[in-house]
Every structure is written in C-alpha cells, then in structure tokens.
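K.L.:
One structure follows; several queries about it will come next.
The values are calculated or read from the model by the stated rules, or taken from the named source; none is laboratory data. Because the structure is a prediction, the values reported are computed rather than measured. Cβ atoms come from the backbone with ideal geometry, glycine included; neighbour counts cover every protein chain shown.
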Amino acid sequence: MTGALAVLLGSVAASAQATVDTQNSYANVGVIMVWRVDDSGKPVELRGFASGTLIRPRVMITAGHFTAPAKALGELPPTIRMFASFSPTDARNPRTWIPVIAQATHPSMPHCPPPPQCDPTDDILVAPLEPGIADAGLVYLERAPVNIQPAVLAAPGTLEKSEGARTTIVGYGLTTPGRALGVAVDAWPWDGKRRIRASAVRKVVDATWGLWSIPSFVCSGDSGGGIFLSARSGRAERLVANVSDGGHDCLRHNNNNRLDTRAIQKWIDDTVKANWEK
C-alpha cells in the first residue's frame, strides 16, 4: 500500500510540475524513438524512447545509457529502426519523424547489451553518480529538422559558478513512473508531448556529474533531455547538462550529466568530425 501510494503521489506531482511546451519554446529538444518494424519496414511496436537536444544541424546529444546498447550490438538488427521527432505536442505522429542513421556513445560507458542495463536508475552496471562515467551519447539524423536552430553549449565551467541558479529541464518523459506499471513500453501512457520544468542547480559533484533540486519531476523518457541555464544580457539560454537519473519514482533523484566541461565538448567535436562531417 505504501509503495502504491508513493507511485500515485509521484504521478500527481510530476504531472503538476511539468508543463507542456505548447509555445514550442524549446524547439531544439526532441525525442528519439526505438521501433520494431515488420517485414515491410512499417513501425509496429515502440520499444523505447529518450529525449535529446539538437547541437548540430543533424546531430543530437542524448543519454549514453540510451545509445550504449547499440554500441554493444555493433549495429541495430534489421527489425529495429530509430526515429527522432521535434513536435512539441504530437511526437508519435509518423509525419513528424526523421530517421536516425548513426549513433555514438561516450567511451566511459561500460559494455551494455540490450535490454538497457546502463541506466543509473537500475544501479546494475552504472551506479548513480559513478565517478568517471559521462552519461552522454550522440545520434545522427538523416536530415536536419526544418527551421530549428541547434542549442548552444554553455562555456566550460559554467556550472561551477552557478550553484543555486534556476534552470529549465526539457524532455518527452512520462508523467507517471512507467516501470511501476509493470507493462511493456508500447503500452505506457505516453502522449508524445514535450514538457518543461524548473529546477535549481544544487551541487556540482565532479567533472561529469551535477545534482539538481529534488523532487526531480523527471521520468522515464526524459533521459537525455536538455537542461538549460538562462544567459545574461538577453542572450539565448545555454545547454549545460542532459538528464540522467530521476529515480524509479521520478522524484527522489536528479543526477545529471554535465555538458559544460572541456572534456565532454572535445569528445563531441572530435566524434562529429571523425564520423559525420564529410
């Protein structure tokens, strides 16, 4: 009964604190979906999804625990295809989809064959806040989304000067703890909407991790979502981190991967240039 009550309260709180981005204020935050396809290539079953942010015209950054299984496989099986959508309110609509054609995972992530076992929420191969683990991955789109400007990464060290600052967390996650429902991903009550929520920077842990205020209100599917810090002098908000771990109940954790370090930004630049800028 206590567990059921916690899930119920968590669901209500997460729903109340996350607002649908009906104004499309964060157009460069999208969702990346994994679909099982039939023999004709038609998507028939949703197998997983995560959020991500466009940082190059055709490149999104997301959570490493989402891309790591593909790295372990070497390539996706022919029965699986991935698509991205930047629709703020209807990402499940195939007319909004852009095929994903390649992925990369930060080398610090361990070997994680599917089903995903790298998720810090699971505490199997990667523990929450495990030192030296950068929970970051990249996905490359078949084409650039129309009229969407990539996000700008924050200058190195920004978070170290921003403890207590307000940020905006953006993602396509559930408003109820999906895993607690005990049903397949395809049956989760996911509406394909982008949601935003405010959260303050609580503490910089080390070179890869930061803590944000709790309760987190980030849930399954928010992994990889963008965390933006308001800039001074009227400049656009800067991308400082991506969502990593909100906990099974979508409340008790708010541990996120830093994107404001020279090391992670060098990895992004080097990976994009080596693999995709041709």
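K.L.:
Kindly provide the set of residues from segment 16-51 that are part of a strand (DSSP E or B), out of contact with any helix residue (DSSP H, G or I) (no Cβ under 8 Å at 6 or more places or on another chain) and either under 16 Å from Arg195 (Cα atoms) or without any contact (Cβ under 8 Å) to a residue 24 or more places away in the chain (or both), ordered by number.
P.N.:
Matches in segment 16-51: Thr19, Val20, Val29, Gly30, Val31, Val44, Ser51.
K.L.:
Inside segment 154-175, can you point out the residues that are within 16 Å of the chain's Cα centre (by Cα) and assigned to a loop (DSSP other than H, G, I, E, B)?
P.N.:
Correct list: Tyr172, Gly173, Leu174, Thr175.
K.L.:
With respect to Leu73, determine if the residue is at pLDDT below 95, crowded, with 17+ Cβ neighbours inside 10 Å and of a type in the set (A, V, I, L, M, F, W, C).
P.N.:
So Leu73 fails the test.
K.L.:
Quick one: Phe228 ticks every box in (1) more than 19 Å from His65 (Cβ to Cβ); (2) modelled with pLDDT under 90 bar one, so which box is it?
P.N.:
Condition (2) is where Phe228 drops out.
K.L.:
Still on this structure: Would you be able to tell me the number of residues in segment 133-153 that are out of contact with any Ser or Thr (no Cβ under 6 Å at 6 or more places or on another chain) and either in a loop (DSSP other than H, G, I, E, B) or exposed (fewer than 13 other Cβ atoms within 10 Å of the Cβ) (or both)?
P.N.:
Residues that pass the stated criteria total 11.
K.L.:
Can you tell me which of Val205, Val243 is aliphatic (A, V, I, L, M) and surrounded by 16 or more Cβ atoms within 10 Å (Cβ to Cβ)?
P.N.:
One residue alone meets the criteria, Val243.
K.L.:
I've got another one for you. Of the residues in segment 71-85, how many are under 24 Å from Ile264 (Cα atoms) and touching a residue at least 40 places away in the same chain (Cβ under 8 Å)?
P.N.:
Of the residues in segment 71-85, 4 are under 24 Å from Ile264 (Cα atoms) and touching a residue at least 40 places away in the same chain (Cβ under 8 Å).
K.L.:
Can I ask one more? Considering only residues that are within 18 Å of Pro156 (Cα to Cα) and within 16 Å of the chain's Cα centre (by Cα), which ones fall in segment 191-210?
P.N.:
Thr208, Trp209, Gly210
K.L.:
Another question, then. When you go through (1) in a loop (DSSP other than H, G, I, E, B); (2) under 25 Å from Gly247 (Cα atoms) one by one for Ala84, which number turns out not to apply?
P.N.:
(1)
K.L.:
Is it the case that some residue within segment 23-42 is over 24 Å from Ala154 (Cβ atoms), buried (at least 16 other Cβ atoms within 10 Å of the Cβ) and modelled with pLDDT under 90?
P.N.:
No: segment 23-42 contains no residue that is over 24 Å from Ala154 (Cβ atoms), buried (at least 16 other Cβ atoms within 10 Å of the Cβ) and modelled with pLDDT under 90.
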